[in-house]
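The values are calculated or read from the model by the stated rules, or taken from the named source; none is laboratory data. Every value quoted in this text rests on a predicted model; they were computed, and no experiment measured them. Note: ideal-geometry Cβ built from the backbone for every residue, glycine included; neighbour counts use all protein chains shown. Each accessible area value is taken on the protein alone, full model and side chains, heavy atoms only, with ligands, DNA and RNA left out. Shrake-Rupley method; radii C 1.70, N 1.55, O 1.52, S 1.80 Å.
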Amino acid sequence: MSTITDQDLEVLYTRQQIAERIAEMGAEITRDLNGEKVVLVGVLKGAAIFLADLARTLQVDATFDFVAVSSYGKGQRSSGAVKLIKDLDEPIEGKNVLIVEDILDTGLTLAYLRKIFLQHRPKTLRIAALLDKPSRRMEKIDADYVGFSIPNLFVIGYGMDYAERYRNLPDICLMAPGHPE
Ligand code: PRP
């Protein structure tokens, strides 16, 4: 049975389902880090809420950094034109780095970030994506940790936007076709 929010949006994953899945992801990441420190690198803006919640499930010494990539819109993004518009604040050489993304779609963003981050010689480089749309992939890239694998649906909420709105919805919702925005 689907749930409807107070904004008449269909809920794909409730805040409780999200919290439970993130707790599982956090336990797995904690295990894999084996007591070592980690730098969480959030990709602005969509990943901000996921990073905040994931970070609080990790039982290791963690620091935060953020990057931003150019948002030319999906049309131009699919041409492969990804550009870094906010770089890391701190060096990542020799560190365990976990890139934190809300959604892995075509893979162009993460393939680009992985390439430039590897040039900095981190000790380890892993990816955590809350959502994965494998059917959309244009670049061969997988996340090490995936919250939910979904078909090609337009999702909003929990950090994800439609024209910059809806990022603050606590649940992951579906943007219905013809919704009055
Ligand atoms: C979304 C998402 C990822 C990227 C994934 O960001 O947060 O960064 O798209 O898509 P890809 O796999 O096709 O590259 P968006 O450009 O919507 O910006 P935002 O995070 O500021 O919402």
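Side notes on the structure shown:
- From 26, 42, residue being within 21 Å of residue 114 (Cβ to Cβ) and either within 17 Å of the chain's Cα centre (by Cα) or open to solvent by 50 Å² or more (accessible area, probe 1.4 Å) (or both): 42
- Of the listed requirements (1) among the hydrophobic types (A, V, I, L, M, F, W, C); (2) modelled with pLDDT of 95 or more; (3) over 16 Å from residue 127 (Cβ atoms), residue 25 misses just one: (3).
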